[in-house]
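Colleague: Here's a structure for you.
The values are calculated or read from the model by the stated rules, or taken from the named source; none is laboratory data. Just so we're clear, the structure is a prediction, and the values are computed from it rather than from any experiment. No Cβ is skipped: glycine too gets one built from the backbone with ideal geometry, and neighbour counts run over all protein chains shown. Note: accessible area is taken over every heavy atom of the protein model, side chains too, but ligands, DNA and RNA are not part of it. Shrake-Rupley method; radii C 1.70, N 1.55, O 1.52, S 1.80 Å.
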Amino acid sequence: MSKLKLSVAVGNYDRVRPLMDGAVQIDGVDPVFMNLPPEEIFFRAFRGVDFDICELSMSSFTVKTAERNCPYVGVPAFVSRAFRHNSIYVRTDRVKSPADLKRRRVGLPEYQLTACVWARIILEDDHGVKPSDIIWVDVTISELLERGDIDGFIAPRVPSLAGRKNPHIGWLFPDPIAAGRDYFMRTGIFPIMHITGIRRELVDKHPWLPAAVLKAFQQAKAKCLEALEDTAASKVTLPFVEEQLRAAREFMGSDFWSYGLAPNRKGLETFLRHHHAQGLSSRLVSPEELFHPSTHESFAI
């Protein structure tokens with residue numbers, strides 16, 4: 001039987017590179033890879049369903065799933081995760097603590113961005129600052145922050161003018177690494193940013209495909225970690241990589257970047273509950289709804 005020739009759009013992450021260089025195969029698939037920035041992938045995926053397999057915004061995917069009209073079927077291969085304490089910038093001459101954001105003007109590039117959802121989760125759950133406590137400004141932001149027209153900014157990317165020779169612009173959490181570690185210690189959650197999706201029409205024709213994709217992404221991640229463990233020659237252009245890997249495992253567990261539904265249930269439930277409460281999803285979505293049934297559990301050897 002000939003393999004399916006499918007387009008795969010994903011960022012150039014070390015955890016998917018074994019798929020791109022052919023070290024790991026997707027069973028039954030002859031892939032054509034496209035390395036694109038997430039913003040382009042998301043726009044094209046939801047506007048024109050341009051890709052057969054691709055990474056997807058967790059927030060946008062949840063919106064479409066709640067509406068029951070998502071053109072993609074989810075697979076719990078979480079190719080992007082991040083603690084978003086470092087995504088909250090403020091005018092430090094006005095805002096000294098999260099509570100100071102109440103009744104302040106805070107800008108963001110788009111209210112429904114996954115990073116912004118997680119930032120609002122942090123502010124509400126850990127600091128009692130509800131989304132309704134803040135005046136949200138959804139426009140081009142960086143110059144407004146520089147001029148002082150807004151008091152804060154939340155986004156996955158650093159504002160282009162933030163802090164450039166301006167001592168009054170900085171992180172809300174001065175040590176975001178410590179804040180992220182504290183968050184994980186208390187919650188056990190490593191926030192999910194992007195999931196993997198497969199075009200629904202393909203899954204309808206080939207119901208074996210989601211499990212095959214999950215298996216391949218898991219194998220690619222395992223090979224990535226094996227490479228990081230090779231101390232003979234560092235695979236990353238940073239010092240102390242092996243020490244950082246060891247420290248992450250000691251702090252977060254051996255499978256600190258886990259795929260699959262079961263080990264990520266708490267984080268998914270937290271995100272989905274807040275996503276609905278923030279007015280983004282039309283109904284409360286369950287974690288099981290996000291992913292194809294064949295991926296809810298996986299085999300072990």
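Colleague: Is at least one residue of the stretch 191-212 farther than 30 Å from Asp30 by Cα and buried (at least 19 other Cβ atoms within 10 Å of the Cβ)?
Modeller: yes
Colleague: Moving to a separate point now. Any residue at all in the stretch 248-265 that's over 22 Å from Gly180 (Cβ atoms), hydrophobic (A, V, I, L, M, F, W, C), buried (at least 16 other Cβ atoms within 10 Å of the Cβ) and touching a residue at least 24 places away in the same chain (Cβ under 8 Å)?
Modeller: yes
Colleague: Another question, if that's okay. Give the residues of the stretch 77-94 that are out of contact with any Pro (no Cβ under 9 Å at 6 or more places or on another chain) and open to solvent by less than 10 Å² (accessible area, probe 1.4 Å), sorted by residue number.
Modeller: The answer is Ala77, Phe78, Val79, Val90.
Colleague: Of the residues Ile177, Ile135, Ile141, only one is crowded, with 19+ Cβ neighbours inside 10 Å and either closer than 24 Å to Val106 by Cα or aliphatic (A, V, I, L, M) (or both); which?
Modeller: Ile141
Colleague: Is the stretch 270-292 home to any residue that is surrounded by 18 or more Cβ atoms within 10 Å (Cβ to Cβ), without any contact (Cβ under 8 Å) to a residue 60 or more places away in the chain and part of a helix (DSSP H, G or I)?
Modeller: Yes.
Colleague: Looking at Asp27, is it in contact with a Cys (Cβ under 7 Å, 6 or more places away or on another chain), among the charged types (D, E, K, R) and under 16 Å from Phe217 (Cβ atoms)?
Modeller: When the stated conditions are applied, Asp27 does not pass them.
Quick grid of which residues meet (1) in contact with a helix residue (DSSP H, G or I) (Cβ under 9 Å, 6 or more places away or on another chain); (2) under 14 Å from Arg91 (Cβ atoms); (3) free of Cβ contacts under 8 Å to residues at least 60 places away in the same chain:
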site: Val106; (1), (2), (3): no, yes, yes
site: Arg147; (1), (2), (3): no, yes, yes
site: Phe153; (1), (2), (3): yes, yes, no
site: Asn166; (1), (2), (3): yes, yes, yes
site: Ile192; (1), (2), (3): yes, no, no
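Colleague: Thr62 passes all but one of (1) touching a helix residue (DSSP H, G or I) at 6+ places or on another chain (Cβ under 6 Å); (2) among the hydroxyl-bearing types (Ser, Thr, Tyr); (3) open to solvent by 50 Å² or more (accessible area, probe 1.4 Å); which number fails?
Modeller: (3)
Colleague: Still on this structure, I have one more. Can you confirm whether Val117 is β-branched (Val, Ile, Thr), under 22 Å from His194 (Cβ atoms), surrounded by 15 or more Cβ atoms within 10 Å (Cβ to Cβ) and modelled with pLDDT of 95 or more?
Modeller: Criteria met by Val117.
Colleague: Look at Pro71 and say whether it is in contact with a Lys or Arg (Cβ under 7 Å, 6 or more places away or on another chain), under 17 Å from Phe42 (Cα atoms) and either of a type in the set (Asp, Glu) or open to solvent by 20 Å² or more (accessible area, probe 1.4 Å) (or both).
Modeller: yes
Colleague: Next question, about the same structure. Only one residue in Ala99, Ala23 is closer than 24 Å to Ala211 by Cβ and open to solvent by 50 Å² or more (accessible area, probe 1.4 Å), so which one is that?
Modeller: Ala23
Colleague: While we're on this one: Out of all the residues in the stretch 108-130, which are within 15 Å of Met58 (Cβ to Cβ) and among the charged types (D, E, K, R)?
Modeller: Glu110, Arg120
Colleague: Is there any pair linking a residue in the stretch 31-60 that is at positive phi to one that is basic (Lys, Arg) and modelled with pLDDT of 95 or more, with Cβ under 7 Å and at least six apart or on different chains, and which?
Modeller: Close Cβ pairs (under 7 Å, with a partner that is basic (Lys, Arg) and modelled with pLDDT of 95 or more) amount to Val49/Arg199.
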